[in-house]
């Protein structure tokens, strides 16, 4: 038997070489695949690192934006507090103005009443044929023995064509429909508390035509101060 390579049979030697070559080739292929995988992993890691870096920048930018927003909110809150103070001051001033106007309106109303007390006796006699038998004055509803609240701005007694009447009225600087209704409400409260028919009137400095017509429909005579 012929031997070679240190006594190893030639065929056996070739078989061994072939097996070794195949193993080396296989190992080379595996090494290539491993290296490819390692490259892909490295690329993925780099991409992940880049993404993390961008995320951290975004977080920092968001944090800065949040700080700016908080500053703006703080400034806005201070401005709103200041505005609330100004509104409160304005509201107090408006209330004072309303009180002042209310006082002026009341004063004008009392002046109108006093003037009406003076001119009504003669005016009612000439225009309506009513003879006032008592002086005009202001009276409370309760003074008639009626347990209800309210006042009669203009009140007197008189006669009309020999019959006793009661004169009930309201004095308003500017007359509105609700004032006409107020006279009617007073008349209802006094039902049964006096003798004689009622003569209802409203004295004013100014009344729209629609208010005057409304008064006529409701049985309330409207007398304006320019008619005196």
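Worth pointing out:
- Residues that are surrounded by fewer than 19 Cβ atoms within 10 Å (Cβ to Cβ) and closer than 26 Å to residue 131 by Cα within the stretch 200-211 comprise 205, 206, listed in sequence order.
A quick yes/no check of all residues on (1) more than 42 Å from the chain's Cα centre (by Cα); (2) more than 18 Å from residue 220 (Cα to Cα); (3) surrounded by 16 or more Cβ atoms within 10 Å (Cβ to Cβ); (4) free of Cβ contacts under 8 Å to residues at least 40 places away in the same chain:
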residue: 129; (1), (2), (3), (4): yes, no, no, yes
residue: 136; (1), (2), (3), (4): yes, no, yes, yes
residue: 141; (1), (2), (3), (4): no, yes, yes, no
residue: 158; (1), (2), (3), (4): yes, no, yes, no
residue: 163; (1), (2), (3), (4): yes, yes, no, yes
residue: 181; (1), (2), (3), (4): no, no, no, yes
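- The one condition in (1) under 18 Å from residue 220 (Cβ atoms); (2) surrounded by fewer than 19 Cβ atoms within 10 Å (Cβ to Cβ); (3) touching a residue at least 60 places away in the same chain (Cβ under 8 Å) that residue 197 fails to fulfil: (3)
- Subset of the stretch 208-228 [modelled with pLDDT of 95 or more and not in a helix (DSSP H, G or I)]: 208, 219, 220, 221, 222, 223, 224
- Test: residue 170 is surrounded by 16 or more Cβ atoms within 10 Å (Cβ to Cβ) and either farther than 23 Å from residue 112 by Cβ or touching a strand residue (DSSP E or B) at 6+ places or on another chain (Cβ under 6 Å) (or both): yes
- Scanning the stretch 146-185 for residues that are closer than 28 Å to residue 210 by Cβ, touching a helix residue (DSSP H, G or I) at 6+ places or on another chain (Cβ under 7 Å) and not in a strand (DSSP E or B) yields 150, 176, 177, 180, 184.
Residue-by-condition table, conditions (1) surrounded by fewer than 10 Cβ atoms within 10 Å (Cβ to Cβ); (2) closer than 19 Å to residue 227 by Cα; (3) modelled with pLDDT of 85 or more:
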site	(1), (2), (3)
109	no, yes, no
113	no, yes, yes
144	no, no, yes
153	no, no, yes
178	no, no, yes
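- Test result for residue 86, more than 36 Å from the chain's Cα centre (by Cα) and either at pLDDT 85 or above or on the phi < 0 side of the Ramachandran plot (or both): no
The values are calculated or read from the model by the stated rules, or taken from the named source; none is laboratory data. Predicted model only: the values in this text are computed from it and were never measured. All Cβ positions, even for glycine, are placed from backbone atoms using ideal geometry, and neighbour counts span all protein chains on display.
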